[in-house]
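The structure under discussion appears below in the form of structure tokens.
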Amino acid sequence: MEVEILRDPYCIIIKNCYGSKSDLFLKEIEKNKKFFTESTIGYGEGKIDKNIRSNTTAMYDDLYLNKRDLSPLLVNSQKFFNSNELHQLLGSAPLPFSLFNQTNTHETQVSRYGDSSQKYDWHIDKFNDPSRLITFSYYLHTKPKKFNGGEIILSDGLLSMGKVYGETNRHTITPENDMLVIFNSTTPHCVMPTSSPKIFMNGRFSVQQWLGIK
């Protein structure tokens, strides 16, 4: 794997994260197509507001409840989380990344962006669950890529009511197949409008995994 560090805000980019296993994940996503539903915002069940968030998602923790070993994505991501390489990498990073070894809970959501400019405006992941500390956002897509846009933007500012204040720097990261971005769950970020053919597998896919302490 290839590791890159960006600062202000701090994030870790890992390319060639899972290698050929990304093809298994895409086949699993295709098999689970019927479980993708309109995304929500807010706490608990949340609400649908397409002016803020207009993509679709599948919650893998619910989908594979009591049968996680049937999911190539969940099985291989757990192996990755347990690897000495990742533990040492994050253990040498600043807070909250260095708390990775102490995390005892994580959630997994698979997202699809595409069609007619689907997006997700400015937000932080910790709003939805105060126990979240670290966000893992993994990107994958069929090749050749069929979508346009979909960049993730991370800001060093503060966020209130969807507006970023006091920003001095931001990172605009273009998703690449088999690329992982790790950042603080309090980092304001957004997903830029993403367009693709309406064929499901031609979209931009990402796996959000939130690790925390309860």
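Name the residue that is farthest from the chain's Cα centre (by Cα), counting only residues in the range 109-140 that are polar (S, T, N, Q), surrounded by 16 or more Cβ atoms within 10 Å (Cβ to Cβ) and modelled with pLDDT of 95 or more. Across the range 109-140, the extreme among qualifying residues is 118.
On the given criteria, is residue 180 at pLDDT 95 or above and either closer than 20 Å to residue 129 by Cα or of a type in the set (Asp, Glu) (or both)? When the stated conditions are applied, residue 180 does not pass them.
Looking across the range 141-164, the residues that are surrounded by 13 or more Cβ atoms within 10 Å (Cβ to Cβ) and among the charged types (D, E, K, R) come down to 145, 146, 151, 156. The strands (runs of 3 or more DSSP E) found wholly in the range 115-214 and carrying at least 3 residues that are out of contact with any Leu (no Cβ under 6 Å at 6 or more places or on another chain), hydrophobic (A, V, I, L, M, F, W, C) and more than 24 Å from residue 87 (Cα to Cα) occupy 189-195. Residue 90 falls short on exactly one of the conditions (1) open to solvent by 40 Å² or more (accessible area, probe 1.4 Å); (2) modelled with pLDDT of 95 or more, and that condition is (1). Restricting 97, 35, 25 to residues that are of a type outside the set (D, E, K, R) and more than 17 Å from the chain's Cα centre (by Cα) narrows the list to 35. Of all residues assigned to the range 183-196, none qualifies as being open to solvent by 20 Å² or more (accessible area, probe 1.4 Å), among the aliphatic types (A, V, I, L, M), out of contact with any strand residue (DSSP E or B) (no Cβ under 6 Å at 6 or more places or on another chain) and touching a residue at least 40 places away in the same chain (Cβ under 8 Å).
Inside the range 93-108, can you point out the residues that are open to solvent by less than 100 Å² (accessible area, probe 1.4 Å) and either under 19 Å from residue 214 (Cβ atoms) or of a type in the set (Val, Ile, Thr) (or both)? Result: 96, 97, 98, 99, 100, 101, 103, 104, 105, 106, 107, 108.
When residue 12 is tested against (1) surrounded by 15 or more Cβ atoms within 10 Å (Cβ to Cβ); (2) part of a loop (DSSP other than H, G, I, E, B), just one condition goes unmet, and that condition is (2).
Here residue 21 meets each of (1) within 11 Å of residue 110 (Cβ to Cβ); (2) of a type in the set (D, E, K, R); (3) buried (at least 17 other Cβ atoms within 10 Å of the Cβ) with one exception, condition (1).
Within the range 36-44, none of the residues are part of a loop (DSSP other than H, G, I, E, B), at pLDDT below 95 and among the hydrophobic types (A, V, I, L, M, F, W, C). Selection of the range 45-87 for residues being part of a loop (DSSP other than H, G, I, E, B), in contact with a strand residue (DSSP E or B) (Cβ under 7 Å, 6 or more places away or on another chain), surrounded by fewer than 17 Cβ atoms within 10 Å (Cβ to Cβ) and aliphatic (A, V, I, L, M) yields only 48.
The values are calculated or read from the model by the stated rules, or taken from the named source; none is laboratory data. Remember, it's a predicted structure, so these values are computed and weren't measured experimentally. No Cβ is skipped: glycine too gets one built from the backbone with ideal geometry, and neighbour counts run over all protein chains shown. Areas reflect the complete protein model, heavy atoms only, side chains present, ligands, DNA and RNA absent. Shrake-Rupley method; radii C 1.70, N 1.55, O 1.52, S 1.80 Å.
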